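Student: First the structure, then my questions, so here it is.
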Amino acid sequence: MFTGTGFAPDDSVLVTDEGGKVEGIVPEADAGSDIQFVEGIISPGFVNCHCHLELSHLKAVIPEGTGMVPFLMDVMQRRGEGAERIQDAITHAEHQMWATGIVAVGDICNTTDTLTKKRKPLLFYHNFVEVSGFVEAGAAGRFSIAESVARQMADTGPTTIVPHAPYSVSPALFNYISASTPELPITMHNQESKDENDFFLTGDSGFRKLFESLGVNLDFFIPPGVSSIRAVLPHLRTNGILILVHNVVTSAEDIAQIKQHNSDTYFCLCPNANRHINDSMPPVDLLINNGCKIVLGTDSLASNSQLSILEEIKTLQSAYPSLPIEQLLTWATSEGANALGISDRFGSFAPGKTPGIIQINNGQSIRRL
Ligand SMILES: [Zn+2]
């Protein structure tokens, strides 16, 4: 039995009420006669800290290994497909998350496409309403669209307006974001590709082509000569939860500055998406050696063949064979719940929580109990 933070002694029995609320963990001798034995590992349900459920219709549409800039251009071109197809894909993808043991999701929303599904959800959602706009002049308009999306999503779960990425948000837009919902978690895509750092370090980057193709005049932008995260760190909150997603090209010096700026930062890894887009892996050893708080996400079906935290764990295990399973499961359960600010309900088998109970068979498949 994995409790959310480690393995319980071998003879431990999880006691819950009929609704799945945890009452305690007791030795088998004290558990009475009505004990259900399960093979493999039982664990609290998984927390998926980074998803874009609204992009589920883009499954198997965008080719692998194109790199970050062609990927973004493809997503922008293809996201507005038929409404019925989008809704069907959302329903199917949510069911897949449920079936693979996910109980809670940090879900990026650029639109209200997931609203109908989230009114009858299988899972808990924190809506991260994402806003972007690299040109200062558009900041007020972009932010007011995000506010409208956030107002509509708010009755389906905690909802915060968040910046898209260092390369796509102007200082003015960061200011609007900072002024909204300071007490709840926020998130941002960070350092997903070398192109992103190069845009800020030298300006010589595929992102220039991306902006040109969108008709954005970049004459105002002078590369500051530091990595992308260091360029925008002054615009990000200094306290309150901040979840940075991807961190593929994050350096030890970046980590030091991030942690100094906000000690409540979580580093969310989406290894299958990194492999799909850039054929890369996040620097897990570097993050661990620098004492980072790590959580896991699936990203979207535009860059992943399934929404399964177990598949992310398996990919990390094959890239980093010495990672202990307790560590990976901790990232997938209690740390994920901490990052989304939902550890009162999810992430561990502590009394009073309803974290969902899952069975992992041979490290390969999931059954919900
Ligand atoms: Zn993403």
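Student: Could you look at the chain and say what percent of its accessible area is carbon and sulfur, using a 1.4 Å probe and all protein chains?
Tutor: About 50 percent, which is the carbon plus sulfur part of the accessible surface.
Student: What longest range of the chain stays clear of loop-exposed GluC sites (Glu not before Pro) (DSSP non-H/G/I/E/B, at most 16 other C-beta within 10 angstrom)? Write out the running numbers ahead of the final one.
Tutor: On the way: sites that count: 18, 39, 64, 81, 183.
Here the longest segment lacking exposed loop sites spans 184-369.
Student: Given an 8 Å cut-off on Cα distances and at least 6 residues of separation, report the relative contact order of the range 45-346 as a percent.
Tutor: 23 percent
Student: Taking only protein heavy atoms into account and a 1.4 Å probe, give the accessible area per residue of the chain in Å².
Tutor: 41 Å²
Student: Given H placed on each backbone N at 1.01 Å, which residues far from residue 162 in sequence or on other chains put an amide H within less than 5 Å of it?
Tutor: Amide H neighbours of residue 162: 129, 130, 131.
Student: Ok, one more. More than 15 Å apart: what percent of Cα pairs in the range 112-197 qualify? Mind showing how you got there, number by number?
Tutor: Working: 2139 of 3655 pairs.
Distances greater than 15 Å cover 59 percent of the Cα pairs.
Student: About the Cα centre of the chain, what is the dipole size in debye to 20, counting +1 per Lys and Arg Cβ and -1 per Asp and Glu Cβ, all else neutral?
Tutor: Its charge dipole is roughly 640 debye.
Student: Can you tell which of 166, 63, 271 shows the greatest fluctuation in a Gaussian network model of the chain with Cα springs below 10 Å?
Tutor: For the chain, modelled as a Gaussian network with Cα springs under 10 Å, the answer is 63.
Student: What list of ³J(HN,Hα) values in whole Hz, one per residue of the range 243-248 in order, does the Karplus curve 6.51 cos²θ - 1.76 cosθ + 1.60 (θ = phi - 60°) give from phi, with Gly and Pro shown as x?
Tutor: 10, 8, 10, 4, 6, 5
Student: For the range 223-300, just the Cα atoms, rotate onto the principal axes and tell me the three extents in Å, largest first.
Tutor: Cα spread of the range 223-300 along its principal axes, largest to smallest: 31, 28, 25 Å.
Student: Gaussian network model of the chain, Cα springs within a sub-10 Å range: biggest mean-square fluctuation belongs to which of 77, 306, 152?
Tutor: Of 77, 306, 152, the most mobile in the Gaussian network model is 77.
Student: In whole percent, what relative contact order does the range 1-73 give with Cα contacts below 8 Å and a gap of six or more residues?
Tutor: Computed value for the range 1-73: 25 percent relative contact order.
Student: Straight-line reach from residue 21: which aspartates and glutamates have a Cα under 13 Å away, not including same-chain ones fewer than 8 places off?
Tutor: Within the straight-line cut-off, residue 21 pairs with 344.
Student: Too long at a 22 Å Cα-Cα cut-off: which of 259/293; 293/314; 118/259; 59/314; 59/118?
Tutor: The answer is 118/259.
Student: Give me the Kirkwood hydrodynamic radius of the range 31-84 in Å, from all C-alpha pairs, to one decimal place?
Tutor: 15.5 Å
Student: Largest first and to the nearest Å, give the Cα extent of the chain along each principal axis.
Tutor: Per principal axis, max minus min of the Cα coordinates gives 74, 45, 38 Å.
The values are calculated or read from the model by the stated rules, or taken from the named source; none is laboratory data. This one's a predicted model, so the numbers in the text were calculated from it and none came from an experiment. All Cβ positions, glycine included, derive from the backbone under ideal geometry; neighbour counts span all protein chains shown. In case anyone asks, the SASA skips ligands and DNA or RNA and just uses the protein heavy atoms, side chains included. Shrake-Rupley method; radii C 1.70, N 1.55, O 1.52, S 1.80 Å.
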